[in-house]
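Student: If you scroll down you'll find the structure; I have some questions about it.
The values are calculated or read from the model by the stated rules, or taken from the named source; none is laboratory data. As the structure is a computational prediction, the values presented were derived from the model and not from experiment. Methodologically, a virtual Cβ is constructed for each residue, glycine included, from the backbone with ideal geometry; neighbour enumeration extends over all protein chains shown.
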Amino acid sequence: MTPQRGALLSIDLGSTAVKVLIADAESGRPLALTRRASGVALSTASGAVEQDPNVWWAAIRSAVGEALTAAGPGIEILGIAADGHGPTLVPVREDGSAASAALLWRDRRAADDDAQLAALLGRSGWLLAELPKARWFLRERATAAKETAWLLSTWDALAFRLSGEAVASFWDPARSLSPSQRALLLSGPGGLDERALPPEVFPGTRIGALRPQAASDLGLPIGIPIISGTNDGMAAVIGAGLMHLARGVDVGGAAGGVGISVERVTAEGIATEVGGALWSGPAPASFGEIRIMGGALGGTGLLLDATISEAIERGSDPGALIDAVAALPLGADGVRVERHGEEVRFSGTRDGHVDAHRVRAVMEYGALAVAALLAPARAAGLPLSEMWLSGPATGATSGLYAAQLSVPRGIPQMRADLLGVPVVLPRIPEAAAAGSAALAGLGAGLYASLSEAAELIAVAEERIEPNPGSATVAASLLEQFRRA
């Protein structure tokens, strides 16, 4: 009989792709990492951006099946956790299936509800999470609402489908609702009901066990512990080990985003000096008083995926394309990305420029967006000793996954040069999936603390120093980017 090896399974639901990771529970080593497209955004009305969560589940089923095969025999899954994008509202039935399309984080139809709930609760933005969209849904989708058991975040919706237990999972105490606030939401002007307000728990909490239908769908035994998850940004903070001060993570996903671990006093001083240029929020509660400073970068990953897909449609071989991109010099031979609202143009193109120049220009655009976002805060004293790269930020974009066994060094080198700090390629190249695996192990009782879990999961594979000879060109490109 083959001896069983303990492993953790995590699900990372992105805006364009779902990633499934199986990690060895003892060593943190990845045993399998698979990806599937998570569906296209459906926009049928002004401000509407929706997706079908049942497509997510079909992608998850396929990715889990492939991951289990890749991990090999003798694997015993000891815990499962999921993370996802947000604030996205997912209406679910009792069996966990979607009662209606999900309202994605980019959906703007609940703007008035956002303003009204902000006035009612004295909070705004991310601290309102999915509540404005839930209010809109209950009012505007009355028929679908009759079939809806719960109105949940992406990660809580996945946990519910797996376990049958509805929770609201988050660390930020500013998001917690007092009894009086719940009463306001449930009566009169709040416009909500209990389905939008499940019990609050911390991420990394064991909330139930894998129920029969989900077990059958995924090809797993009934009863595996299901652990509460978190949003993909905070999962990446865990998966990159940001309990270490001055470490950053560049997730480079569909929306793009970056976070850096900072002492609370330092973060407060920088926030005062740079205003709202950077978001500042608490790290996972178990990391102590550390703050995470950073921000989102609209559509940098989506733009890269689209540019690569167009190149492949024109006949570019994916493997040859990525090698050509990596070989280009900093500055992409003069090709630059210009964005005018939703329109994207390439300037500086001339005879001899090929698809690789456009892809390289978009990759540099994403790196420059991070550098420009951080520049005022770094000038104000934001410490940054190294940047961990994840997903598309490593150069491993969805359009090239099938062809890539490894990312050519020239791509992460470009990010190191443009940021002016060392970049780290982690052993698990998807930081959010790694973070959810850490949560799965914590909730399953395998690790004494989240820091212990993160240390096991967040392992550097390679550290790439910036090239001193590129500093002048990098500074010039950053200045051009900021002027544009």
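Student: Counting only residues that are surrounded by 20 or more Cβ atoms within 10 Å (Cβ to Cβ) and not hydrophobic (A, V, I, L, M, F, W, C), give me the strands (runs of 3 or more DSSP E) lying completely in segment 1-57 with at least 2 of them.
Tutor: 5-13, 30-37
Student: Could you check Arg350 against (1) without any contact (Cβ under 8 Å) to a residue 40 or more places away in the chain; (2) crowded, with 16+ Cβ neighbours inside 10 Å and say which number it fails?
Tutor: Unmet condition: (2).
Student: Name the single residue, out of those in segment 383-395 being in a loop (DSSP other than H, G, I, E, B) and either among the β-branched types (Val, Ile, Thr) or buried (at least 23 other Cβ atoms within 10 Å of the Cβ) (or both), that is modelled with the highest pLDDT.
Tutor: Here the residue is Ser390.
Student: Pairs please, first residue from segment 264-279 and at negative phi, second anywhere and surrounded by fewer than 17 Cβ atoms within 10 Å (Cβ to Cβ) and part of a helix (DSSP H, G or I), Cβ atoms under 7 Å, 6+ apart in sequence or on different chains.
Tutor: Val274/Pro376; Ala277/Pro376
Student: When you look at Arg161, is it more than 16 Å from Asn231 (Cβ to Cβ), of a type in the set (D, E, K, R) and part of a loop (DSSP other than H, G, I, E, B), yes or no?
Tutor: No.
Student: Look through Ala453, Ala416 and report the one residue that is at pLDDT 95 or above, crowded, with 19+ Cβ neighbours inside 10 Å and under 16 Å from Pro329 (Cα atoms).
Tutor: Unique residue meeting the criteria: Ala416.
Student: I'd like the residue in segment 98-111 that is closer than 18 Å to Ala145 by Cβ and charged (D, E, K, R) and, out of all such residues, is surrounded by the fewest Cβ atoms within 10 Å (Cβ to Cβ).
Tutor: Within segment 98-111, the match that is surrounded by the fewest Cβ atoms within 10 Å (Cβ to Cβ) is Arg109.
Student: Six or more apart or on different chains, Cβ atoms under 8 Å: show the pairs whose first residue is in segment 206-225 and in the same structural domain as Thr69 (by TED's automatic domain parsing) and whose second is assigned to a loop (DSSP other than H, G, I, E, B) and of a type in the set (Asp, Glu).
Tutor: Here the result reads Ile207/Glu165; Gly208/Glu165; Gln213/Asp95, each pair linking segment 206-225 to a residue that is assigned to a loop (DSSP other than H, G, I, E, B) and of a type in the set (Asp, Glu).
Student: For segment 123-158, how many residues are of a type in the set (S, T, N, Q), crowded, with 20+ Cβ neighbours inside 10 Å and not in a loop (DSSP other than H, G, I, E, B)?
Tutor: Of the residues in that region, 1 qualify.
Condition check ((1) assigned to a helix (DSSP H, G or I); (2) touching a Ser or Thr at 6+ places or on another chain (Cβ under 8 Å)) across all residues:
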site	(1), (2)
His353	no, no
Val370	yes, no
Leu374	yes, no
Ser436	yes, yes
Ala440	yes, yes
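Student: If a residue must be of a type outside the set (Ser, Thr, Tyr), assigned to a helix (DSSP H, G or I) and either buried (at least 20 other Cβ atoms within 10 Å of the Cβ) or touching a strand residue (DSSP E or B) at 6+ places or on another chain (Cβ under 9 Å) (or both), how many such residues does segment 282-304 contain? Lay out the reasoning, then the answer.
Tutor: Residues of segment 282-304 of a type outside the set (Ser, Thr, Tyr): 282-285, 287-299, 301-304.
When the remaining residues are screened for being assigned to a helix (DSSP H, G or I), the result is 285, 287, 301-304.
Okay, now just the ones that are also either buried (at least 20 other Cβ atoms within 10 Å of the Cβ) or touching a strand residue (DSSP E or B) at 6+ places or on another chain (Cβ under 9 Å) (or both), so 287, 301, 303-304.
Count: 4.
Student: I've got another one for you. Name the strands (runs of 3 or more DSSP E) wholly inside segment 171-281 in which the number of residues that are at pLDDT 90 or above and of a type in the set (D, E, K, R) is 1 or more. Quick ask: steps written out before the conclusion?
Tutor: Working: elements: 206-209, 225-231, 247-250, 257-262.
In segment 171-281, 206-209, 247-250 are the strands (runs of 3 or more DSSP E) which contain 1 or more residues that are at pLDDT 90 or above and of a type in the set (D, E, K, R).
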